[in-house]
Amino acid sequence: MAQSILTSVKKVLGIAEEDTSFDMDIVLHINSVFAILNQVGIGPEDGFVIEDADPTWDDFVTDVKMASVQTYVYLRVRLLFDPPTTSFVIDSFKRQIDEIEWRLNVVREGESWVDPDPAPIASEQYW
């Protein structure tokens, strides 16, 4: 999983590694997706951004159970950068995004779940 994030996203978008004409746009969208992932608890706690082709997937996440992050980033970037022209393909992408996001949450919660509203101890309840 030690591939360049930018290079691998460009590859699945059908853009040659040497073509840098869209790098600024793609980096912007990748960073937006990383912000979304951070909000659901995926990736480094302090957030993560890229500026060029140097950061790798291993810099973002090392757990092999989170490998679908790459597909998630691609699908979200594709919808932002070059959305499909038909609504049924867009809907298909959205369903895939929702499923991957749910599955990533399941993995994250299985490893680092914190009760957001722990029930008060019986002696602390005021009736």
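Only the coordinates and a few stated rules stand behind these numbers; no lab work does. Everything numeric in this text was worked out from a predicted model, so none of it was measured. All Cβ positions, even for glycine, are placed from backbone atoms using ideal geometry, and neighbour counts span all protein chains on display.
Fully extending the segment from Asn31 to Glu18, taken as 0.36 nm per residue of separation minus the present Cα-Cα distance, adds 2.6 nm. Once you treat every alpha carbon in the chain as an equal point and sum by Debye, what is log10 I(q)/I(0) at q = 0.12, 0.16, 0.20, 0.22 Å⁻¹? Summing over Cα pairs of the chain leads to -0.51, -0.80, -1.17, -1.36. Can you bin segment 1-75 into rounded, prolate or oblate? Criterion: square roots of the alpha carbon gyration tensor eigenvalues sorted a ≥ b ≥ c, rounded for a/c under 1.5, prolate for a/b above b/c, oblate for the rest. Prolate shape, in that a/c is at least 1.5 and a/b is the bigger ratio. Think of each Lys and Arg Cβ as +1 and each Asp and Glu Cβ as -1; about the Cα centre, that makes the dipole of segment 1-98 roughly 580 debye. Working ranking of peptides 65-78, 48-61 by packing, defined as the average number of other Cβ atoms within 10 Å per residue, highest first, is 65-78, 48-61. FRET efficiency for the pair Ser87 and Asp63, taken as 1/(1 + (r/R0)^6) with r the Cβ-Cβ distance and R0 = 25 Å, rounds to 0.10. Peptides 9-17, 91-99 ranked from most to least packed give 9-17, 91-99, packing being the mean of other C-beta atoms within 10 angstrom over each peptide's residues.
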